[in-house]
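Q: Please see the structure below; I have some questions.
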Amino acid sequence: MAEPLSYKTIQWVGGLDGRVEMIDQTLLPRDIKVLAVEDVETLWEAIKNLRVRGAPAIGVAAAMGVVLGVRRVSDPERFFAELDRVYDYLAGSRPTAVNLFWALDRMRRRAQALRERPMAGIKEALLTEAKVIRDEDATVCRAIGDAGLPLIRDGMAILTHCNAGALAASEYGTALAPLYRAHEHGRRFKVWADETRPLLQGARLTAWELAAAGIEVTVICDNMAGRLMKDGRVDLIITGADRIAANGDTANKIGTYSLAVLAKAHGVPFYVAAPRSTFDFSLPDGSAIPIEQRSPDEIRRGFGCLTVPDEAGVYNPAFDVTPAELICGLITERGMIEPVDTRHIRDLLSDHPSSG
Ligand code: MRU
């Protein structure tokens with residue numbers, strides 16, 4: 001089977017005059033609407049407001065955004081200055097998922113390598129590069145699925161947080177990839193999906209895509225996970241990641257850290273699945289990972305209904321950092337990193353361009 005689901009989270013349609021098409025994830029599960037994006041401003045807004053979200057998908061979107069941003073530049077003298085402007089503009093959309101910066105760097109390196117070529121050729125090469133980034137992500141996610149497959153056994157209950165599935169990547173996703181591969185192998189298991197306050201990526205997106213794939217899924221409020229673990233009803237936890245420091249400290253959706261602490265207290269194995277493009281080797285540990293602060297209105301009047309009085313403050317960090325020592329293993333396209341520490345990470349991923 002080439003892919004677990006029939007929809008495309010994000011893709012480029014046509015040639016250089018074409019467009020980006022993405023599922024508008026803010027509308028799920030009520031509406032399945034494909035958004036056509038033809039300019040970099042609309043693409044920026046789509047990343048900022050989570051129409052496209054999840055670290056690998058944000059990287060793919062940013063790469064395609066570079067093409068949208070430079071394809072109509074007509075003055076060859078201005079091309080590289082415009083490329084830098086588009087880079088900075090897209091880099092300002094969301095700060096935590098390092099895949100965004102990884103993809104932007106890769107696009108800029110590609111253009112710079114062709115500096116002496118005619119501008120039309122550079123534009124075509126950038127489009128090709130963006131499509132390659134998208135296709136490579138699909139291959140990488142499938143490999144993550146194979147690396148995590150041995151963890152999934154018949155009869156298990158697996159808990160996940162936020163959405164690190166096909167909607168968060170090109171195909172398969174990261175945390176959900178082992179589940180899709182296990183499902184393809186005929187293994188039977190069930191999934192607990194944390195609803196994931198405040199934007200409900202678990203309830204709206206993970207539940208939607210797992211159910212569409214025919215995998216049994218049950219949504220719980222975030223504050224129910226501890227009780228389930230205490231009752232022995234969670235065998236395994238797998239989450240995705242937005243940025244992993246050189247020592248394995250992992251930034252992921254807010255609430256991941258609490259889950260990892262609960263998992264430790266109850267002896268539940270806690271794993272993180274991520275591609276190499278999510279590792280930030282410039283940071284020795286997680287203390288300097290930038291954490292996105294989002295609008296208080298996502299909590300105060302989430303989905304249109306006032307739930308916090310205007311007189312009260314609201315604190316809304318989108319991510320937290322789970323220390324490496326709480327993580328049993330990192331599931332990557334190169335295989336499992338276990339135990340999680342600087343040496344084991346470097347041993348498996350050291351030829352990654354950003355690993356220095
Ligand atoms: O704010 P979001 O929805 O972009 O957050 C997404 C997550 O935290 C995911 O777990 C992470 O990006 C990994 S996606 C494969």
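We did not get these values from a lab; they are worked out from the coordinates using the rules stated. All values reported here derive from a predicted model rather than from experimental measurement. Note that each Cβ is placed from the backbone with ideal geometry, even for glycine, and that neighbours are counted across all protein chains shown.
Q: Karplus couplings for the range 224-232 from phi (6.51 cos²θ - 1.76 cosθ + 1.60, θ = phi - 60°), rounded to Hz, Gly and Pro as x?
A: Listing the rounded values in order: 9, 4, x, 4, 4, 5, 4, 7, x Hz.
Q: Going by average Cβ density within 10 Å per residue, which order do the peptides 329-342, 112-125 take, highest to lowest? Walk me through the numbers before you get to the answer.
A: Numbers: 329-342: 20.1, 112-125: 13.4.
Ranking the peptides 329-342, 112-125 by packing returns 329-342, 112-125.
Q: Cut-off under 16 Å on the C-alpha distance; same-chain residues fewer than 8 positions from Lys33 excluded. Which aspartates and glutamates are left, in chain and number order?
A: Partners within reach: Glu21, Asp24, Glu209.
Q: Also, I was wondering about something else. Once label points are set 7 Å from the Cα along Cα→Cβ at both His266 and Asp231, what is their separation, rounded to one decimal in nm?
A: 1.0
Q: Where does the Debye-calculated log10 I(q)/I(0) of the range 134-291 sit at q = 0.08, 0.10, 0.15, 0.20 Å⁻¹, using only Cα point scatterers of equal weight, no solvent?
A: -0.20, -0.32, -0.74, -1.34
Q: Using 5 Å bins from zero, what percent of all Cα-Cα pairs in the range 108-175 falls into each bin?
A: So the P(r) values, bin by bin, are 3, 15, 17, 15, 12, 10, 9, 7, 5, 3, 2, 1.
Q: Here's something else I'd like to know. If packing is taken as the average number of other Cβ atoms within 10 Å across a peptide's residues, how do 70-76, 241-247 rank, most packed first? Intermediate values should be presented prior to the final figure.
A: Numbers: 70-76: 14.0, 241-247: 26.3.
So the order, starting with the most tightly packed, is 241-247, 70-76.
Q: Another question, then. Dividing the convex hull volume of the Cα atoms of the range 4-142 by its residue count, what figure in Å³ per residue is obtained?
A: It comes to 101 Å³ per residue, whole-number rounded.
Q: Given labels modelled 7 Å from the Cα in the Cβ direction, how far is it in nm from Val34 to Ala125?
A: About 3.1 nm separates the two model spin labels.
Q: Sequence neighbours fewer than 8 away in the same chain don't count; with that in mind, list the lysines whose C-alpha is under 20 Å from Lys131.
A: Lys131 reaches Lys8, Lys123.
Q: If I fit a long axis through the Cα atoms of helix 256-266 and take the longest principal axis of the Cα atoms of the chain, what angle between them do I get, 0 to 90°, rounded to 10?
A: Value to nearest ten degrees: 30.
Q: Continuing with this model, one more query. If you plug each phi of the range 21-36 into the Karplus form 6.51 cos²θ - 1.76 cosθ + 1.60 with θ = phi - 60°, what whole-Hz ³J(HN,Hα) values come out, in order, with x for Gly and Pro?
A: Whole-Hz 3J(HN,Hα) from phi for the range 21-36: 10, 9, 6, 6, 6, 6, 8, 6, x, 5, 10, 9, 10, 8, 9, 9.
Q: On to the next question. Counting alpha carbon pairs within less than 8 Å and at least 6 residues apart, what relative contact order, in whole percent, applies to the chain? Intermediate values should be presented prior to the final figure.
A: Details: 733 pairs, mean separation 55.8, N = 356.
This gives 16 percent for the chain.
Q: Using Cα pairs closer than 8 Å and at least 6 residues apart in sequence, work out the relative contact order for the range 4-142, in percent. Walk me through the intermediate numbers first.
A: On the way: 173 pairs, mean separation 31.9, N = 139.
Relative contact order for the range 4-142 comes out at 23 percent.
Q: Quick one: 3J(HN,Hα) in Hz for the range 277-282, Karplus 6.51/-1.76/1.60 with θ = phi - 60°, rounded, Gly and Pro as x.
A: Once θ is set to phi - 60°, the couplings for the range 277-282 become 5, 9, 8, 10, 6, 7 Hz.
Q: Could you work out the Kirkwood radius for the chain, taking every pair of different alpha carbons, averaging 1/r and inverting it, reported in Å? If you can, show how the numbers build up before the last one.
A: Working: mean 1/r = 0.0487 Å⁻¹.
So the Kirkwood estimate lands at 20.5 Å.
Q: Please state, as a whole number in µm²/s, the translational diffusion coefficient that the Stokes-Einstein equation yields for the range 207-356 at 25 °C and 0.890 mPa s, with Rh defined as the Kirkwood radius across alpha carbon pairs. Walk me through the intermediate numbers first.
A: Working: Rh = 17.0 Å.
D, rounded to a whole number, is 144 µm²/s.
Q: Right, something else. For Lys230, list the lysines whose Cα falls under 27 Å from its own Cα; do not include residues on the same chain fewer than 8 positions away.
A: Lys190, Lys253, Lys264
Q: Here is a follow-up. Give me the number: length gained by fully extending Glu325 to Ala81, i.e. 0.36 nm times residue separation minus the C-alpha to C-alpha distance, one decimal in nm.
A: Working: separation 244, 0.36 × 244 = 87.84 nm, distance 4.36 nm.
Roughly 83.5 nm would be gained on extension.
Q: Could you sort the peptides 89-100, 279-290 by per-residue average Cβ neighbour count (10 Å cutoff), highest mean leading? Walk me through the numbers before you get to the answer.
A: Numbers: 89-100: 21.9, 279-290: 17.2.
For the peptides 89-100, 279-290, the packing ranking is 89-100, 279-290.
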